[in-house]
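K.L.:
Following this message is one structure expressed as structure tokens.
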Amino acid sequence: MSLRILVDADACPVKDEIYKVAWRHGVPVSIISNSRLRVPDHPLIAGVVVGDAFDAADDWIAERSDATAIVVTADILLADRCLKAGATVIAPTGKPFTANSIGSAIATRAIMADLRAGGDVIGGPAPFTKADRSRFLQALDTALVRLKR
């Protein structure tokens, strides 16, 4: 079983943390984006530019998701697709998406979209913190250890 990490990279704030954990575990990483991003020159790290078609990065990631993949994304609908394919999915805040939590996350997303469409002014996500970064590192390391067993 060859594990790998797939990163929805365009707005991912934890790419450096992903590289460090991946190098320590010897796990390859694909950094998927709509435009060219700088990635370390390392045999375990691959930058993948999918173009700017709507959902091109999501489609690329979802098509390659399975039980050997850890997907890093904040996109709830992509997380749902990857979970259904058997992948482990972690948000950049370290919060795991699971079969038990994804339904309520999708429902909350829909409610918030309805509120915004109705003109309600609501805040965006909370600012990214050091605690989020730390929680992410722990979650990614834990997921890799669990999947290596």
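K.L.:
Assuming VAL48 fulfils every condition listed in (1) without any contact (Cβ under 8 Å) to a residue 40 or more places away in the chain; (2) loosely packed, with under 14 Cβ neighbours inside 10 Å; (3) at negative phi; (4) not in a helix (DSSP H, G or I) apart from one, which condition is it?
P.N.:
Here VAL48 clears every test but (2).
K.L.:
Same structure, new question: In this structure, is PRO13 touching a residue at least 12 places away in the same chain (Cβ under 8 Å) and either open to solvent by 50 Å² or more (accessible area, probe 1.4 Å) or in a helix (DSSP H, G or I) (or both)?
P.N.:
Values: touching a residue at least 12 places away in the same chain (Cβ under 8 Å): yes; either open to solvent by 50 Å² or more (accessible area, probe 1.4 Å) or in a helix (DSSP H, G or I) (or both): yes.
Taking the combined requirement at face value, the residue satisfies it.
K.L.:
Check ALA69, ALA87 and return the single one that is open to solvent by less than 20 Å² (accessible area, probe 1.4 Å), modelled with pLDDT of 95 or more and in contact with an Asp or Glu (Cβ under 8 Å, 6 or more places away or on another chain).
P.N.:
Of ALA69, ALA87, the one residue that is open to solvent by less than 20 Å² (accessible area, probe 1.4 Å), modelled with pLDDT of 95 or more and in contact with an Asp or Glu (Cβ under 8 Å, 6 or more places away or on another chain) is ALA87.
K.L.:
Step by step: first the residues of the range 20-45, then only those that are part of a loop (DSSP other than H, G, I, E, B) and in contact with a Leu (Cβ under 6 Å, 6 or more places away or on another chain), then the one that is most open to solvent (accessible area, probe 1.4 Å). Which residue is that?
P.N.:
The selected residue is PRO28.
K.L.:
Quick one: VAL121 ticks every box in (1) farther than 24 Å from ASN34 by Cα; (2) at pLDDT below 95; (3) assigned to a helix (DSSP H, G or I) except a single one, so which number is it?
P.N.:
(3)
K.L.:
May I pose another question? Would you check if ARG81 is of a type in the set (D, E, K, R), free of Cβ contacts under 8 Å to residues at least 60 places away in the same chain, over 17 Å from ARG135 (Cα atoms) and surrounded by fewer than 19 Cβ atoms within 10 Å (Cβ to Cβ)?
P.N.:
Values: of a type in the set (D, E, K, R): yes; free of Cβ contacts under 8 Å to residues at least 60 places away in the same chain: yes; over 17 Å from ARG135 (Cα atoms): yes; surrounded by fewer than 19 Cβ atoms within 10 Å (Cβ to Cβ): no.
Judged against the criteria, ARG81 is not a match.
The values are calculated or read from the model by the stated rules, or taken from the named source; none is laboratory data. Note that this is a predicted model, so its numbers are computed, not measured. All Cβ positions, glycine included, derive from the backbone under ideal geometry; neighbour counts span all protein chains shown. Please note that ligands, DNA and RNA were not included when accessible areas were found on the heavy atoms of the full protein model with its side chains. Shrake-Rupley method; radii C 1.70, N 1.55, O 1.52, S 1.80 Å.
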